[in-house]
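A quick write-up on the structure given underneath.
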Amino acid sequence: MNSPNLFIRILPVPGTDWVGNVNIRCKETGLVAELCYISQSFFGFGGNKRFIKGNIIDSLKSKILYKVNGHWDSTVTLKDTNNGEERIIYDAKKVISKLHTPTVNNAE
């Protein structure tokens with residue numbers, strides 16, 4: 001498994017983003033996830049901001065089982081290529097809403 005690269009933009013608006021390709025392979029099942037993290041262009045114009053797309057492949061049969069699409073800072077969906085069913089596999093709002101501010105006891 002590899003990871004995307006952190007892209008730091010200075011102009012026109014400072015910011016960071018994840019970009020690049022990620023490949024995840026399960027030795028037990030033979031499934032492979034090929035994901036691509038896409039950012040805006042270098043100057044911040046055009047392109048999809050914080051977009052992820054990819055495929056989950058059965059490498060033993062060389063068959064695409066699922067397609068992955070979405071924005072990693074909002075929702076990511078998984079579409080079954082056999083029956084066309086689509087479901088949300090990641091919802092950032094739900095994940096963030098479960099975070100709680102830590103409390104400090106006896107700060108002395």
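Below are the figures for this structure:
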{"item": "Condition met for HIS100 (over 15 Å from the mean Cα position of the chain (by Cα) and at negative phi)", "result": "yes"}
{"item": "Residue that is modelled with the highest pLDDT [pool: residues in region 20-52 that are surrounded by 15 or more Cβ atoms within 10 Å (Cβ to Cβ) and assigned to a loop (DSSP other than H, G, I, E, B)]", "result": "ARG50"}
{"item": "Residues of region 79-106 that turn out to be touching a Gly at 6+ places or on another chain (Cβ under 9 Å) and among the hydrophobic types (A, V, I, L, M, F, W, C), as a count", "result": "2"}
{"item": "Some residue of region 1-19 being at pLDDT 95 or above and over 11 Å from the mean Cα position of the chain (by Cα)", "result": "no"}
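The values are calculated or read from the model by the stated rules, or taken from the named source; none is laboratory data. If you're wondering where the values come from, they're calculated on a predicted model, not measured in any experiment. In this analysis, Cβ positions are derived from the backbone assuming ideal geometry, glycine residues included, and neighbour counts consider all displayed protein chains.
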